[in-house]
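The values are calculated or read from the model by the stated rules, or taken from the named source; none is laboratory data. These numbers come from a predicted model, not from an experiment. So basically every Cβ, Gly included, is an ideal-geometry build from the backbone, and we count neighbours across all protein chains shown. We work out accessible area using only protein heavy atoms, side chains counted, and drop any ligands, DNA or RNA first. Shrake-Rupley method; radii C 1.70, N 1.55, O 1.52, S 1.80 Å.
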Amino acid sequence: MIPATSTEYLHIPVTVPTGIDTGSTPVRAAVVAHRANPDDDEWHAAAWVGSEVRILIGPGTDIELAPGDYRVWVSIDPPGSENVVRKSGVLSVS
(Lines give C-alpha, C1' and ligand atoms only; values in the text may rest on other atoms or scores of the structure.)
Protein backbone atom coordinates (compact mmCIF):
# COMPACT_ATOMS: atom_id res chain seq x y z
CA MET A 1 0.00 0.00 0.00
CA ILE A 2 1.21 3.48 -0.82
CA PRO A 3 -0.31 6.88 -0.01
CA ALA A 4 -1.88 8.83 -2.88
CA THR A 5 0.47 11.75 -2.05
CA SER A 6 3.64 9.72 -2.73
CA THR A 7 5.59 10.03 -5.99
CA GLU A 8 7.75 6.93 -6.36
CA TYR A 9 8.83 4.16 -8.68
CA LEU A 10 6.53 1.18 -8.78
CA HIS A 11 8.70 -1.93 -9.19
CA ILE A 12 6.91 -4.78 -10.95
CA PRO A 13 8.49 -8.26 -10.81
CA VAL A 14 8.35 -10.00 -14.18
CA THR A 15 9.10 -13.57 -15.16
CA VAL A 16 10.87 -12.74 -18.40
CA PRO A 17 9.95 -15.17 -21.19
CA THR A 18 12.85 -17.25 -22.53
CA GLY A 19 14.82 -15.54 -25.27
CA ILE A 20 13.76 -11.97 -24.47
CA ASP A 21 16.60 -9.49 -24.13
CA THR A 22 15.47 -6.92 -21.57
CA GLY A 23 18.22 -4.58 -22.75
CA SER A 24 16.58 -4.07 -26.13
CA THR A 25 12.93 -5.09 -25.67
CA PRO A 26 10.42 -2.26 -25.13
CA VAL A 27 8.18 -2.54 -22.09
CA ARG A 28 5.06 -0.67 -21.01
CA ALA A 29 2.97 -0.69 -17.84
CA ALA A 30 -0.62 0.15 -17.01
CA VAL A 31 -2.16 0.82 -13.61
CA VAL A 32 -5.95 0.77 -13.89
CA ALA A 33 -8.94 0.80 -11.53
CA HIS A 34 -11.11 -1.46 -13.70
CA ARG A 35 -10.88 -5.22 -14.17
CA ALA A 36 -10.70 -5.25 -17.98
CA ASN A 37 -7.57 -5.27 -20.11
CA PRO A 38 -6.06 -1.76 -20.35
CA ASP A 39 -7.08 0.43 -23.28
CA ASP A 40 -4.35 1.71 -25.62
CA ASP A 41 -4.26 5.13 -23.92
CA GLU A 42 -3.75 3.55 -20.46
CA TRP A 43 -0.32 2.11 -21.31
CA HIS A 44 2.81 4.08 -20.37
CA ALA A 45 6.46 3.62 -21.29
CA ALA A 46 8.34 1.85 -18.52
CA ALA A 47 11.92 0.71 -17.99
CA TRP A 48 13.68 -2.54 -17.22
CA VAL A 49 15.73 -2.79 -14.02
CA GLY A 50 17.13 -6.32 -14.14
CA SER A 51 14.11 -8.60 -14.37
CA GLU A 52 11.78 -5.97 -12.94
CA VAL A 53 9.86 -3.24 -14.70
CA ARG A 54 9.65 0.16 -13.09
CA ILE A 55 7.45 3.16 -13.71
CA LEU A 56 7.07 6.44 -11.83
CA ILE A 57 3.62 6.94 -10.28
CA GLY A 58 2.00 9.60 -8.14
CA PRO A 59 1.42 13.36 -8.17
CA GLY A 60 3.20 15.15 -11.02
CA THR A 61 3.48 11.99 -13.17
CA ASP A 62 1.40 10.54 -16.00
CA ILE A 63 -0.10 8.09 -13.47
CA GLU A 64 -1.73 10.02 -10.62
CA LEU A 65 -3.76 7.68 -8.43
CA ALA A 66 -6.64 8.46 -6.07
CA PRO A 67 -7.21 6.17 -3.08
CA GLY A 68 -8.44 2.75 -4.20
CA ASP A 69 -7.31 -0.60 -5.60
CA TYR A 70 -5.63 -0.80 -9.00
CA ARG A 71 -4.65 -3.65 -11.32
CA VAL A 72 -1.05 -3.52 -12.54
CA TRP A 73 -0.26 -4.76 -16.06
CA VAL A 74 2.94 -5.20 -18.08
CA SER A 75 3.29 -5.38 -21.86
CA ILE A 76 6.53 -6.73 -23.37
CA ASP A 77 7.02 -6.22 -27.12
CA PRO A 78 9.90 -8.42 -28.37
CA PRO A 79 10.87 -8.57 -32.04
CA GLY A 80 8.56 -10.80 -34.08
CA SER A 81 4.87 -11.48 -33.81
CA GLU A 82 4.59 -11.70 -30.01
CA ASN A 83 3.28 -8.98 -27.70
CA VAL A 84 3.28 -10.47 -24.20
CA VAL A 85 0.70 -8.94 -21.82
CA ARG A 86 0.50 -9.98 -18.17
CA LYS A 87 -1.56 -8.88 -15.18
CA SER A 88 1.06 -8.45 -12.50
CA GLY A 89 -0.93 -7.84 -9.34
CA VAL A 90 -2.96 -5.34 -7.35
CA LEU A 91 -1.76 -2.01 -5.94
CA SER A 92 -3.62 -0.44 -3.02
CA VAL A 93 -3.45 3.33 -2.68
CA SER A 94 -4.61 5.09 0.49
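Table for the structure above
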quantity: Accessible surface of the chain, 1.4 Å probe, proportion on carbon and sulfur as whole %; calculated: 48 percent
quantity: E64/T25 FRET efficiency (R0 30 Å; Cβ-Cβ; nearest 0.05); calculated: 0.65
quantity: Per-pair calculated FRET efficiency, R0 = 22 Å: V84 and H34 via Cβ, rounded to 0.05; calculated: 0.55
quantity: Förster-model FRET efficiency, 22 Å R0, E42 and I2, C-beta, rounded to 0.05; calculated: 0.70
quantity: Charge context of D40, other residues only, Cβ under 15 angstrom, K/R +1, D/E -1; calculated: -4
quantity: Whole-number D in µm²/s for the stretch 23-75 (Stokes-Einstein; Kirkwood sum over Cα pairs; 10 °C, 1.306 mPa s); calculated: 134 µm²/s
quantity: Cα-only Debye scattering, the chain: base-10 log of I(q)/I(0) at q = 0.17 Å⁻¹; calculated: -0.70
